Amino acid sequence: MTTRTHPSGTATPWEELVTSALLGTDRRPPSPESVPPGKEPPLALLDAAAVETLRRRAGLRPAAAPADRPAAAPHDPRPEPPAAARRRLAQLLADRAGAAGAGGRRGTAPDLTELLPQWLAAAGERGYRAPAPALPALLDAARARTDLRPLALAFAGPRGLWLARLNPEWRFALRGGSGSTAVPSPDDGTAVRRLWEEGLFAERVALLSALRAHDAESARALLASTWPTERAEDRLMFLDSLRTGLTGADEPFLEQALADRSRNVRATAAELLSALPRSALAARMAARAATCVALDHSGGAGPVIAVEAPHECDALMQRDGVVPTAPSGRGERSWWFGQLVEAAPLSTWPARLGGRSPHDIVALPVSDDWADELHAAWCRAAVRQHDAPWSRALLGSPSAPPSTGPGTTSPAERSKLLATLPDAERACWVADFIAAHGLSEAFQLLGVCAVPWAEPLGRAVVDALDIARDAGSYPWSFSGVMGLAERCLDPSEAARLEILTATPDEPEDASPGAGGYWSEAFQRLVSTLRLRATMHAELA
């Protein structure tokens, strides 16, 4: 585009018009060279802006071609999905905006936006690669939804990463550790070394994860070779990648990281070491925690757990990851105590507390209002150490009122404990919880259950929704659970749920129109389950 310079020599006509528009035509009248005479200044400004806009568009010159063409996209050996599945993907990507119905109602049609993650997960499980024409829309979808990125970038593969280099809007793909890169064979030492030293951060994370799965010792050696020169945020991410496949062989490296100059790196190293019950750090924390907890038989009404929280947070405790400064509103001693118990191996307590089982220990009374602090720390330890027996004890019976639970009353904390249980046991616990307490506190618990839901869990959810309908409430009071059901119920349940799509007779005390809305919601549930079944069949 040819650039005309204003007679003043300092601004183009377009810049003059923008300045006048921003300051107002009274304060900065447009110059006579820019506007036609005989009109009110505001109107003349708008006319001149329209003319100048057209002139700028018409005069736009294409960008200069780069001297070197981009390198060819790397080869992706994975096969493309079948044709029907490719068409389905295009439909899901085209509908990702999720058009709402009139008045915000969802209607009876499936929400394709919510089905895209399932489609990507199923395609990934079958080892398909993204069709090349779909890559731009796939990267756009991943840019718009961070929750979609791991699946989308893994499906996009090395070609997606290659394409992302050519568009600044897709730079996010070059930062995350999505595993979407072309990782060289772990046996090709030269290629591994080159990628580690020259690759993007995402490529290096993917390389470290792949090499660790193949040869953990070589992966640690590679990480150690550049550890002192890495940035603090990169050291933290690399250290975090050791969570997968963490073993006692990682302990020496993690012990060294306890002396890192970054507090976050030190804290992560301490957390990982405490997840290794036989590590030296776990033994040190067990010794400290054991001095704070003991059985007291002096009361005559049976043993009681007595707690004596630490009086200081010394330098050795801080080196082992204990944060000395308590959050606002919390006492320092309870803060230090919670961290010690959380990091101590749970195997410490049966020996310390009379050989009792986790269930019997959790049932013991605790003196001086320390029960909540002690049980909360045990909950965090059970999650960190993936200890199912302790999680089971801390969860208690699913039929017991949540407010009287032995470990925690927080749905979020309960969800974390549930995640340590086997899939079938987890589903049965949540099904029994819903049968006893309904759906009002079950949303987070459902989120950690394996998909598709096991039959007892699916039946419990549908029965609870049916009860809510009969009670006369509106379905949008359960929109979260209904959305989960659409994504997580076994598609084979569609035929059984068909009977719920009919509009029931409304009782006198029901909310007006509730029966029709419930019918609409169940129609959407059934149609979504059938669409999911079709999606999986197309990918097979």
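Of all residues in the range 184-206, those satisfying the criterion of being surrounded by fewer than 18 Cβ atoms within 10 Å (Cβ to Cβ) and either of a type in the set (D, E, K, R) or farther than 18 Å from E217 by Cα (or both) are D187, D188, R193, R194, E197, E198, G199, L200, F201. Is it true that A130 is part of a helix (DSSP H, G or I), at pLDDT 85 or above and not charged (D, E, K, R)? So A130 fails the test. Among the residues making up the range 377-427, those that are closer than 14 Å to V448 by Cα and β-branched (V, I, T) are V383, T420. Does the range 207-228 include one or more residues that are touching a strand residue (DSSP E or B) at 6+ places or on another chain (Cβ under 6 Å), in a loop (DSSP other than H, G, I, E, B) and surrounded by fewer than 19 Cβ atoms within 10 Å (Cβ to Cβ)? Looking for residues that are touching a strand residue (DSSP E or B) at 6+ places or on another chain (Cβ under 6 Å), in a loop (DSSP other than H, G, I, E, B) and surrounded by fewer than 19 Cβ atoms within 10 Å (Cβ to Cβ), one finds none in the range 207-228, hence no.
Being under 30 Å from S241 (Cβ atoms) and touching a residue at least 60 places away in the same chain (Cβ under 8 Å): is that true of D320 here? Walk me through it before giving the result.
Values: under 30 Å from S241 (Cβ atoms): yes; touching a residue at least 60 places away in the same chain (Cβ under 8 Å): yes.
Spelling it out, D320 is indeed under 30 Å from S241 (Cβ atoms) and touching a residue at least 60 places away in the same chain (Cβ under 8 Å).
I'd like to know if the range 373-396 contains one or more residues that are more than 16 Å from A460 (Cα to Cα), over 23 Å from the mean Cα position of the chain (by Cα) and among the acidic types (D, E). For the range 373-396, residues more than 16 Å from A460 (Cα to Cα), over 23 Å from the mean Cα position of the chain (by Cα) and among the acidic types (D, E): present. Among the candidates S479, S527, S519, S492, the residue that is more than 29 Å from E413 (Cβ to Cβ), open to solvent by 50 Å² or more (accessible area, probe 1.4 Å), at pLDDT 85 or above and not in a loop (DSSP other than H, G, I, E, B) is uniquely S492. For beta carbons closer than 8 Å, sequence separation of 6+ or different chains, a first residue in the range 250-272 that is in contact (Cβ under 8 Å) with a residue 40 or more places away in the chain and in a helix (DSSP H, G or I) and a second that is open to solvent by 40 Å² or more (accessible area, probe 1.4 Å) and of a type in the set (A, V, I, L, M), the qualifying pairs are R266/A259; A267/V323.
Applying the selection to the range 405-418, what residues are within 20 Å of the chain's Cα centre (by Cα) and either over 18 Å from G458 (Cα atoms) or surrounded by fewer than 14 Cβ atoms within 10 Å (Cβ to Cβ) (or both)? Steps first, please.
Of the range 405-418, the ones within 20 Å of the chain's Cα centre (by Cα) are 410-418.
If the condition is that a residue be within 20 Å of the chain's Cα centre (by Cα) and either over 18 Å from G458 (Cα atoms) or surrounded by fewer than 14 Cβ atoms within 10 Å (Cβ to Cβ) (or both), then S410, P411, A412, E413, R414, K416, L417 are the ones that fit.
Please state which of the following conditions R356 fails to meet, knowing it meets all the rest: (1) out of contact with any helix residue (DSSP H, G or I) (no Cβ under 7 Å at 6 or more places or on another chain); (2) at pLDDT 90 or above. The failed condition is (1).
How many residues, within the range 146-166, are in a loop (DSSP other than H, G, I, E, B) and either hydrophobic (A, V, I, L, M, F, W, C) or at pLDDT 90 or above (or both)?
Going through the range 146-166, the residues in a loop (DSSP other than H, G, I, E, B) turn out to be 165-166.
In the following step, the residues that additionally are either hydrophobic (A, V, I, L, M, F, W, C) or at pLDDT 90 or above (or both) were identified as 166.
Going through the range 146-166 one residue at a time, the tally reaches 1.
A130 falls short on exactly one of the conditions (1) open to solvent by less than 10 Å² (accessible area, probe 1.4 Å); (2) of a type outside the set (D, E); (3) within 17 Å of S241 (Cα to Cα), and that condition is (3). Within the range 12-33, track down each residue that is touching a residue at least 24 places away in the same chain (Cβ under 8 Å), over 50 Å from the mean Cα position of the chain (by Cα) and open to solvent by less than 30 Å² (accessible area, probe 1.4 Å). Passing the criteria: only S31. Selection of helices (runs of 4 or more DSSP H) fully inside the range 295-358 by the criterion of at least 2 residues being in contact with a Phe, Trp or Tyr (Cβ under 9 Å, 6 or more places away or on another chain) and more than 29 Å from D260 (Cβ to Cβ) returns nothing. Note on the range 59-92: among residues that are open to solvent by 50 Å² or more (accessible area, probe 1.4 Å) and touching a Pro at 6+ places or on another chain (Cβ under 6 Å), the one that is nearest to P158 (Cα to Cα) is E80. Scanning the range 370-385 for residues that are farther than 19 Å from A326 by Cα and not in a helix (DSSP H, G or I) yields a single hit, Q385. Filtering V451, V430, V462 for residues that are among the β-branched types (V, I, T) and open to solvent by 60 Å² or more (accessible area, probe 1.4 Å) leaves a single hit, V451.
Would you say D387 is crowded, with 21+ Cβ neighbours inside 10 Å and under 28 Å from Q444 (Cα atoms)? In short, yes.
Return the residue satisfying two criteria in turn: it lies in the range 34-56 and is assigned to a loop (DSSP other than H, G, I, E, B) and surrounded by fewer than 16 Cβ atoms within 10 Å (Cβ to Cβ), and of such residues it is modelled with the highest pLDDT. Steps first, please.
Narrowing the range 34-56 to residues assigned to a loop (DSSP other than H, G, I, E, B): 34-40.
With the extra rule that they be surrounded by fewer than 16 Cβ atoms within 10 Å (Cβ to Cβ), the set shrinks to 36-40.
Values: P36: 72, P37: 75, G38: 79, K39: 82, E40: 85.
Across the range 34-56, the extreme among qualifying residues is E40.
The values are calculated or read from the model by the stated rules, or taken from the named source; none is laboratory data. Predicted model only: the values in this text are computed from it and were never measured. Cβ coordinates were reconstructed from backbone atoms using ideal geometry, including for glycine residues, and neighbour counts include every protein chain displayed. Please note that ligands, DNA and RNA were not included when accessible areas were found on the heavy atoms of the full protein model with its side chains. Shrake-Rupley method; radii C 1.70, N 1.55, O 1.52, S 1.80 Å.
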